[in-house]
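Accompanying notes for the structure given below.
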Amino acid sequence: MLLLKVMNTGGSETQATYDVEAYINTRRIYSGTVSAHNRGDGWIKLIQKAMAEANENQEEVVGSRTCPVCNSSVVLVNRHKQ
């Protein structure tokens, strides 16, 4: 499951700052801040800004395994900066 968590952390009537986190199941794969987002641009542009920043610090999912001890899924990533 992919979960996007967006929290308004302040701003004015026209612009706001948001903390954005992305999770795969319970594992956080991204955390960042979008500043000075024009509220009138809507939530899709907000997510696009966050994903553009995430792309700069990209983590490529290369596979997954099941942990033999706790039987939970473990995501394997290749971390690299572009």
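Which FRET efficiency value, to the nearest 0.05, is calculated for M1 and A36 with the Förster distance at 30 angstrom and r the Cβ-Cβ distance? Could the numbers behind the result be given before it?
On the way: r = 30 Å, r/R0 = 1.02.
My answer for the efficiency is 0.50.
Which length gain, in nm to one decimal place, applies between I29 and I47 when the Cα-Cα distance is subtracted from 0.36 nm times their residue separation?
5.0 nm
What does the extension gain come out to for T66 and D19, with contour length at 0.36 nm per residue minus their alpha carbon separation?
13.8 nm
All of the numbers you see were taken from the coordinates with simple rules; none came from a lab. Because the structure is a prediction, the values reported are computed rather than measured. Backbone-built Cβ (ideal geometry, glycine too); neighbour counts: all protein chains shown.
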